[in-house]
Ligand code: GLN
């Protein structure tokens, strides 16, 4: 099993925000890795979770649904109480503290300035082999109207970049990827999230 539950030796319970976007793919991979996935729609669904994944989709749509369902405040509280959060693509936008574009609801749990359709302006989607810090071989990133971080704050560790644009980063218990590891067979990012991010006692 890839993950471990903090001290209890049980399967890690990982929520996947299921308001909009490609949450089912994350759930399948979590099941394959022996974690216990939970579809999260309401604040009470967060109880007892070790981590939460915010999937790709449309960050304005997901953000507005999060405001209306109370999930924006609830995930922020979950995070500040020591829960782990991983945002992929639209989820990376939502994790950021500021956007270069028009204002939209953000969690603001990672100190970063996001360009929300950064790569989307050039090409709708593409794949690239990424050198990821700590990985022994490249990771094939699937980018779909992908964002990137233009700038990150001092506590943010850059894990991967393309031409100086940050496409994967971590700060304590928050991980972001601009691409979609759930759309590939490579489970290393899911394993990393379970083992390193959920399993860490570090707080940001
Ligand atoms: N750029 C999109 C947004 O801001 C995200 C695209 C995606 O998640 N595939 O919502």
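Computed values, structure above
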item: Residues of segment 85-98 that turn out to be more than 9 Å from the ligand (Cβ to nearest atom) and buried (at least 19 other Cβ atoms within 10 Å of the Cβ), as a count; result: 5
item: In segment 132-150, residue modelled with the lowest pLDDT [restricted to those that are part of a loop (DSSP other than H, G, I, E, B) and near the ligand (Cβ under 10 Å from one of its atoms)]; result: 145
item: Options 76, 42; residue that is farther than 16 Å from residue 94 by Cα and either under 15 Å from the mean Cα position of the chain (by Cα) or away from the ligand (no atom under 16 Å from the Cβ) (or both); result: 42
item: Hits in segment 12-53 - residues which are in a helix (DSSP H, G or I) and touching a helix residue (DSSP H, G or I) at 6+ places or on another chain (Cβ under 6 Å); result: 25, 26, 29, 43, 46
item: Segment 109-129: number of residues that are in contact with a helix residue (DSSP H, G or I) (Cβ under 8 Å, 6 or more places away or on another chain), in a strand (DSSP E or B) and near the ligand (Cβ under 10 Å from one of its atoms); result: 1
item: Of the criteria (1) within 15 Å of the ligand (Cβ to nearest atom); (2) modelled with pLDDT of 95 or more; (3) not in a loop (DSSP other than H, G, I, E, B), which one residue 106 fails; result: (3)
item: Hits in segment 156-178 - residues which are within 16 Å of residue 85 (Cα to Cα) and part of a loop (DSSP other than H, G, I, E, B); result: 156, 172, 173, 178
item: Complete set of residues in segment 54-73 that are assigned to a loop (DSSP other than H, G, I, E, B) and within 15 Å of the ligand (Cβ to nearest atom); result: 55, 56, 57, 58
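The values are calculated or read from the model by the stated rules, or taken from the named source; none is laboratory data. These figures come from a predicted structure and were not determined experimentally. Virtual Cβ from ideal backbone geometry, glycine too; neighbours counted across all protein chains shown.
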